[in-house]
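Enquirer: Can you read through this structure? Questions will come right after.
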Amino acid sequence: MTEFMTRRAVLGWAGGIGALGLLPGCERRGGRMLTSSDTHPSDYPTVQAVNEMGRLLSERTEGRLGIHVYAGGQLGAERDTLEITTFGGLDMNRVNLAPLTAIEPMTVIPSLPFLFRSTAHMRAALDGAVGQAVLDSLRPHGMVGLCFYDSGERSFYNTKRPVQTPEDLKGLKIRVQNSDLFVAMIKALGADATPMDAGEVYQALVQGVIDGAENNQPSYFTGRHFEAAPFYSLTRHVMAPEILVMSMARWEKLSPADRELVQETARLSVPFMRGLWDRRVMEATEKLLASGVKVNEVTDIAAFSDLMRPVWDRFITTPEQKRLVAAIEAMDDAAGTGEGTP
Ligand code: GTR
């Protein structure tokens, strides 16, 4: 197989061999080009970070290992590529934590509304033992969690009006990721939650199938959603991070030394990503303002958090989840090093 496969080739290959329990391979010079998927375009910080990890891997193995990222959703939506990853049809995948909340309750923790008080707080929690516990929780599901990447703060945007209070969202059809947690959060505000893959949002906004959605500024900008939904209201209700996973099937085929290398290079890509991310948020915000988007601060955040916080009780039910949520709440914001050290 060549290093550059078409979507059909990868999926056909993955489907065919998936049934046989075999793995697709991208052999190169006696080594291996690991395949990875991302729904974002190639200049997005998540894609750049995995490319950087691949560069480091290649450098340290003299070209024996590397990564080819299929960016721009070439291989499909996150829930589909996740399924392919779990049976080993894809070696790696960068997704948001939201679609994983459907399969592993521990991933709900960093996805809770109004949990992190700041970027430093979020980074401190994810770089430490709590983050490691969430990464490890994916192993029984056929995936090894390698690292988290920033995804900023998600806020609401819509085609109708600025949102100042939950009342302004009443009756609006808001697109959410495929996650019961996200559906519950939006319902708690009195809006109508519509789960949908990211790739369908632009058309759905233009055609009026939905009235709005919620996301960080870089995704709102990159997906051109602002063209159809020009009201962006800074509720900052969720900081659910991105995650990079490796298929357990591929992981188990690596030697212990290569596993360490993969883990180490993933870890090194985190501070690299954070630098790109912070710049991307600034650039996207500037471009959005220059495009005439109406951005508004939301003064009464408590009105939103009071309604959304009760979903914690519904989704945080096990003693382990409760222990980790309490540990995050007790953390010092300033503990965030930003260095991405697990
Ligand atoms: C973005 C995230 C994507 C995807 C998308 C969405 O912020 O980077 O992985 O989850 O949101 O809303 O579907």
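The values are calculated or read from the model by the stated rules, or taken from the named source; none is laboratory data. Quantities reported herein were computed from a predicted structural model and do not represent experimental measurements. Don't worry about glycine lacking a Cβ; one is built from the backbone with ideal geometry, like all the others, and counts go over all protein chains shown.
Enquirer: State all residues of region 116-151 that are touching a Phe, Trp or Tyr at 6+ places or on another chain (Cβ under 8 Å), among the aliphatic types (A, V, I, L, M) and over 17 Å from residue 238 (Cβ atoms); if no residue qualifies, say none.
Expert: Correct list: 135, 144.
Enquirer: Next question, about the same structure. Could you check region 173-198 and list, in sequence order, the residues that are away from the ligand (no atom under 12 Å from the Cβ) and aliphatic (A, V, I, L, M)?
Expert: Passing the criteria: 181, 183, 184, 185, 186, 188, 189, 191, 193.
Enquirer: Taking into account only those residues within region 305-342 that are aliphatic (A, V, I, L, M) and loosely packed, with under 13 Cβ neighbours inside 10 Å, which is modelled with the lowest pLDDT?
Expert: Applying the filter and picking the extreme gives 334.
Enquirer: Against the definition (touching a residue at least 40 places away in the same chain (Cβ under 8 Å), within 24 Å of residue 44 (Cβ to Cβ), in the same structural domain as residue 90 (by TED's automatic domain parsing) and within 16 Å of the ligand (Cβ to nearest atom)), how does residue 146 come out, yes or no?
Expert: The answer is yes for residue 146.
Enquirer: Moving to a separate point now. If a residue has to be within 16 Å of the ligand (Cβ to nearest atom) and more than 14 Å from residue 96 (Cβ to Cβ) to count, how many in region 199-208 make the cut?
Expert: Counting residues in region 199-208 that are within 16 Å of the ligand (Cβ to nearest atom) and more than 14 Å from residue 96 (Cβ to Cβ) gives 5.
Enquirer: All but one of (1) of a type in the set (D, E, K, R); (2) crowded, with 22+ Cβ neighbours inside 10 Å; (3) at pLDDT below 95 hold for residue 127; which doesn't?
Expert: Just one mismatch for residue 127, condition (3).
Enquirer: If you don't mind, another one. Out of (1) closer than 21 Å to residue 226 by Cβ; (2) in a helix (DSSP H, G or I); (3) under 15 Å from the mean Cα position of the chain (by Cα), what's the single condition that is false for residue 200?
Expert: Just one mismatch for residue 200, condition (3).
Enquirer: Conditions: (1) in a helix (DSSP H, G or I); (2) farther than 17 Å from residue 222 by Cα. Residue 48 meets all but one. Number of the miss?
Expert: Every condition holds for residue 48 apart from (2).
Enquirer: Could you grab me the full set of residues in region 271-308 that are among the basic types (Lys, Arg) and under 22 Å from residue 157 (Cβ atoms)?
Expert: 279, 280, 287, 294 - these are the residues of region 271-308 that are among the basic types (Lys, Arg) and under 22 Å from residue 157 (Cβ atoms).
Enquirer: If you take the residues of region 67-114 that are hydroxyl-bearing (Ser, Thr, Tyr) and within 11 Å of the ligand (Cβ to nearest atom), which of them is surrounded by the fewest Cβ atoms within 10 Å (Cβ to Cβ)?
Expert: The selected residue is 111.
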